[in-house]
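A.B. asks: After the structure tokens below, expect a handful of questions from me.
The values are calculated or read from the model by the stated rules, or taken from the named source; none is laboratory data. All of these numbers come straight from a predicted model, not from anything done at the bench. Glycine gets a Cβ as well: all are built from the backbone with ideal geometry, and neighbour counts include every protein chain shown.
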Amino acid sequence: MDFPSKLIENAVEELAKLPGVGRKTALRLALHLLKEQTEDTFSLAEALVKMRTDVKHCKQCHNISDTEVCSICSNPLRDKSLICVVSDIRDVIAIENTSQYKGLYHVLGGVISPIEGVGPSDLNIESLLERLPKSEVKELLLAISPTMEGDTTAFYLTRKLRDHQVRITTIARGVPVGGELEYTDEVTLGRSIVERTVYGKV
């Protein structure tokens, strides 16, 4: 791809590094920014720089935050007896968007994956274990994706937590609402049958 400007080419190269953005999309974005008001482009650049330099990680749960302790951990209305353990910050956002969960969180920062060289020491597991004796936590909800790596991580956590007086639960797994049984994979369908509930139960 030939560019009429080295500056445009540099911008395209940087934009193309974003996930899901190819070179053609990157070029469209660069040209769009070039057409926008100068102030708008500067505002975008400033917002990205401030995000990169000023965003913190909560010292309690490792969620992203503007302060040392995030708004969830510092909220007195949250249920401090319940911690939802997730692998990624995006999981916190997804669960919060349901408006169904009122407890706290703990972000592991990934899952155990020997193939990718990620072990337990690379995750925020020790800080989770340190939180328990200092808090009023009675239940840990493991909301980790049901992949091989996710199940390995959940199994490791249950082994590490067995000496703590805390109830360990996991999110339900089953056929999604609106899903057709014939298109559901065997593992999910099998778990739905094993973990069946009383009809009409809310």
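A.B. asks: Does the range 162-178 hold any residues that are at pLDDT 90 or above and either among the hydrophobic types (A, V, I, L, M, F, W, C) or in a helix (DSSP H, G or I) (or both), and which are they? Quick ask: steps written out before the conclusion?
C.D. replies: Going through the range 162-178, the residues at pLDDT 90 or above turn out to be 166-169.
Passing the criteria: Val166, Ile168.
A.B. asks: Another question about this same structure. Which residue, of Ile89, Ile112, Ile125, is farther than 18 Å from Val166 by Cα, out of contact with any helix residue (DSSP H, G or I) (no Cβ under 6 Å at 6 or more places or on another chain) and not acidic (Asp, Glu)?
C.D. replies: Only one candidate passes the filter, namely Ile89.
Matching residues to (1) polar (S, T, N, Q); (2) closer than 30 Å to Ile168 by Cα:
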residue: Ile8; (1), (2): no, no
residue: Glu14; (1), (2): no, no
residue: Gly20; (1), (2): no, no
residue: Thr25; (1), (2): yes, no
residue: Lys80; (1), (2): no, yes
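A.B. asks: Might you check whether a residue that is of a type in the set (S, T, N, Q), touching a Ser or Thr at 6+ places or on another chain (Cβ under 8 Å) and surrounded by 14 or more Cβ atoms within 10 Å (Cβ to Cβ) occurs anywhere in the range 153-162?
C.D. replies: yes
A.B. asks: Let me ask something else. Leu82: part of a strand (DSSP E or B) and either without any contact (Cβ under 8 Å) to a residue 60 or more places away in the chain or closer than 17 Å to Cys58 by Cβ (or both), yes or no?
C.D. replies: Against the criterion (part of a strand (DSSP E or B) and either without any contact (Cβ under 8 Å) to a residue 60 or more places away in the chain or closer than 17 Å to Cys58 by Cβ (or both)), Leu82 qualifies.
A.B. asks: Of the residues Ser43, Ser81, Ser87, only one is out of contact with any Cys (no Cβ under 9 Å at 6 or more places or on another chain) and surrounded by fewer than 13 Cβ atoms within 10 Å (Cβ to Cβ); which? Reasoning before the result, please.
C.D. replies: Working: Ser81 fails: surrounded by fewer than 13 Cβ atoms within 10 Å (Cβ to Cβ); Ser87 fails: surrounded by fewer than 13 Cβ atoms within 10 Å (Cβ to Cβ).
Just one listed residue meets the conditions, Ser43.
A.B. asks: Same structure, new question: Only one residue in Cys58, Cys70 is out of contact with any Ser or Thr (no Cβ under 7 Å at 6 or more places or on another chain) and surrounded by 12 or more Cβ atoms within 10 Å (Cβ to Cβ), so which one is that?
C.D. replies: When all the criteria are applied, what remains is Cys70.
A.B. asks: With the structure loaded, tell me whether Ile83 is assigned by TED's automatic domain parsing to the domain that holds Val137, more than 26 Å from Gln165 (Cα to Cα) and aliphatic (A, V, I, L, M) or whether it fails that test.
C.D. replies: no
A.B. asks: Which count do you get for residues in the range 107-123 that are touching a strand residue (DSSP E or B) at 6+ places or on another chain (Cβ under 7 Å) and either surrounded by fewer than 17 Cβ atoms within 10 Å (Cβ to Cβ) or assigned to a helix (DSSP H, G or I) (or both)?
C.D. replies: Result for the range 107-123: 1.
A.B. asks: In this structure, does Tyr101 turn out to be without any contact (Cβ under 8 Å) to a residue 60 or more places away in the chain and either loosely packed, with under 12 Cβ neighbours inside 10 Å or not in a loop (DSSP other than H, G, I, E, B) (or both)?
C.D. replies: In short, no.
A.B. asks: Would you check if Val137 is outside the structural domain of Ala94 (by TED's automatic domain parsing), assigned to a loop (DSSP other than H, G, I, E, B) and not small (Gly, Ala, Ser)?
C.D. replies: No.
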